[in-house]
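Participant: Let me begin by handing over the structure; questions about it come next.
The values are calculated or read from the model by the stated rules, or taken from the named source; none is laboratory data. No experiment lies behind these values; they were computed from the predicted model shown. Glycine also receives a Cβ, built like all others from the backbone with ideal geometry; neighbour counts cover every protein chain displayed. To get the accessible areas, we keep the full protein, side chains included, count just its heavy atoms, and leave off ligands, DNA and RNA. Shrake-Rupley method; radii C 1.70, N 1.55, O 1.52, S 1.80 Å.
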Amino acid sequence: MAVTPRHDAGSRPAPPRGLGWQQLLKLGAIGLASDIRDRRRDPGLRKRPSVRALDPRLHRPVFIIGAPRSGTTFLGSCIGRLPEVSYHFEPKLTKAAVRCVYDGSWSERQSAAVFRLSYSALLLASLHGGRRFADKNPENSFVVPFLAATLPGAQFVHIIRDGRDAAVSHAEKPWLADRPGRQVPGGQPWGPRARWWVEPERQQEFAAVPHIVRAAWCWRQFTEAALDGLAALPAAQAIELRYETVVSDPMAAAGLVADFLGTSTTGRAALREGFARANPRSVGRWREALGPAETADVEREIGGLLARLGYA
């Protein structure tokens, strides 16, 4: 099932540079090394090799999606503690490859092969064959139909946060700021330059608006893409969590995720332990962080989606 880009073919941006096979192999190697380091640093992700450690098959993978700074990392760390799950934080190769799927610069067959091979390699490198592969990557919000078609039986956990809080948190990071320098995986530089997910007719505007508005813009694009992609999936394949509910009633949220994923009693306890670490002080930060003018600017950009989601 192909992904339909959120723009017409006549205005399609140029395919991403540097994503030939040589670059893919490089990103894959870097991603494997980074994944191994993550596992060594976090005791919660260390698991004994399974009895099918070298089984590369992707069995009912789990995708944690949502806009950046919406709680995806926290949610992924909780799900990663499930004994039956092999958790991977933003795999470098597929994070960069999402754009190639989204803009159609790769065929569906090529895209599926790259994603399957990358995920299987991560599974084998961690000696987690036989476990459920789990991937936390906000960019996957744009390719839900592709992932669902490529990996039948996949389940999606979508976390949504008030876009004003997400924008405040995002704006504290340098990724979209007027201080370009480093590059994200795939070679795209940090800074105010329009990303591939910005509407083509608004690309010049993106670079000109305040940083906080770019952060809010990002929240809207990622959230709308995830909602659109998940809308056609059956209930057994997708669940939506609100960040605010996770921090106000973590035990209830843990129970919802446990029921959705069908985890064991041990897994349910691991989820409860992880969700108990949620920080309620992170809710409503925008009320103090944004002045009246900034609030108005942000709400002009995302007010419609805020209202649709019940945040207005």
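Quick grid of which residues meet (1) in a helix (DSSP H, G or I); (2) surrounded by 24 or more Cβ atoms within 10 Å (Cβ to Cβ):
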{"residue": "88", "(1), (2)": "no, yes"}
{"residue": "101", "(1), (2)": "yes, yes"}
{"residue": "123", "(1), (2)": "yes, yes"}
{"residue": "129", "(1), (2)": "no, no"}
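Participant: For residue 56, state whether it is open to solvent by 30 Å² or more (accessible area, probe 1.4 Å) and at negative phi.
Facilitator: yes
Participant: Restrict the check to the stretch 252-265 and report whether at least one residue is modelled with pLDDT of 95 or more, open to solvent by 70 Å² or more (accessible area, probe 1.4 Å) and among the polar types (S, T, N, Q).
Facilitator: Checked the stretch 252-265: at least one residue is modelled with pLDDT of 95 or more, open to solvent by 70 Å² or more (accessible area, probe 1.4 Å) and among the polar types (S, T, N, Q).
Participant: Next question. Which residue pairs have Cβ atoms closer than 7 Å, lie 6 or more positions apart in sequence or on different chains, and pair a first residue in the stretch 89-112 that is under 24 Å from residue 74 (Cα atoms) with a second residue that is among the β-branched types (Val, Ile, Thr) and modelled with pLDDT of 90 or more?
Facilitator: Hits for this filter: 97/114; 98/143.
Participant: Tell me yes or no: at least one residue of the stretch 241-248 is open to solvent by 70 Å² or more (accessible area, probe 1.4 Å), among the polar types (S, T, N, Q) and without any contact (Cβ under 8 Å) to a residue 12 or more places away in the chain.
Facilitator: Taking the stretch 241-248 and keeping what is open to solvent by 70 Å² or more (accessible area, probe 1.4 Å), we get 248.
Filter again for among the polar types (S, T, N, Q), leaving 248.
Next, only the ones that are without any contact (Cβ under 8 Å) to a residue 12 or more places away in the chain stay: none.
Within the stretch 241-248, not a single residue is open to solvent by 70 Å² or more (accessible area, probe 1.4 Å), among the polar types (S, T, N, Q) and without any contact (Cβ under 8 Å) to a residue 12 or more places away in the chain.
Participant: Another question, if that's okay. Might you check whether a residue that is open to solvent by 30 Å² or more (accessible area, probe 1.4 Å) and part of a loop (DSSP other than H, G, I, E, B) occurs anywhere in the stretch 154-170?
Facilitator: Taking every residue of the stretch 154-170 in turn, none turns out to be open to solvent by 30 Å² or more (accessible area, probe 1.4 Å) and part of a loop (DSSP other than H, G, I, E, B).
Participant: Also, quick follow-up: Out of 274, 267, report the one residue that is touching an Asp or Glu at 6+ places or on another chain (Cβ under 7 Å) and closer than 20 Å to residue 80 by Cβ.
Facilitator: Details: 274 fails: touching an Asp or Glu at 6+ places or on another chain (Cβ under 7 Å).
Unique residue meeting the criteria: 267.
Participant: Take residue 144 and tell me if it is buried (at least 24 other Cβ atoms within 10 Å of the Cβ) and of a type in the set (Val, Ile, Thr).
Facilitator: Considered against the rule, which asks whether it is buried (at least 24 other Cβ atoms within 10 Å of the Cβ) and of a type in the set (Val, Ile, Thr), residue 144 comes out as yes.
Participant: State which residue is farthest from residue 72 (Cα to Cα) when the search covers only the stretch 276-300 and only residues that are open to solvent by less than 30 Å² (accessible area, probe 1.4 Å) and in contact with a Phe, Trp or Tyr (Cβ under 9 Å, 6 or more places away or on another chain).
Facilitator: It comes out as 295.
Participant: Within the stretch 249-302, how many residues are more than 20 Å from the chain's Cα centre (by Cα), assigned to a helix (DSSP H, G or I) and under 23 Å from residue 219 (Cβ atoms)?
Facilitator: So the answer is 17.
Participant: If you don't mind, there's one more thing I want to ask. I'd like the residue in the stretch 103-121 that is out of contact with any helix residue (DSSP H, G or I) (no Cβ under 6 Å at 6 or more places or on another chain) and within 23 Å of residue 50 (Cβ to Cβ) and, out of all such residues, is most open to solvent (accessible area, probe 1.4 Å).
Facilitator: Among residues in the stretch 103-121 that are out of contact with any helix residue (DSSP H, G or I) (no Cβ under 6 Å at 6 or more places or on another chain) and within 23 Å of residue 50 (Cβ to Cβ), the one most open to solvent (accessible area, probe 1.4 Å) is 117.
Participant: Could you check residue 136 against (1) surrounded by fewer than 21 Cβ atoms within 10 Å (Cβ to Cβ); (2) under 25 Å from residue 236 (Cβ atoms) and say which number it fails?
Facilitator: It is condition (1) that residue 136 fails.
Participant: How do the pairs read when you match residues in the stretch 69-83 that are modelled with pLDDT under 95 and surrounded by fewer than 24 Cβ atoms within 10 Å (Cβ to Cβ) with residues anywhere that are assigned to a helix (DSSP H, G or I) and acidic (Asp, Glu), using Cβ under 9 Å and keeping only pairs 6 or more apart or on different chains?
Facilitator: Cβ pairs passing all conditions: 81/273.
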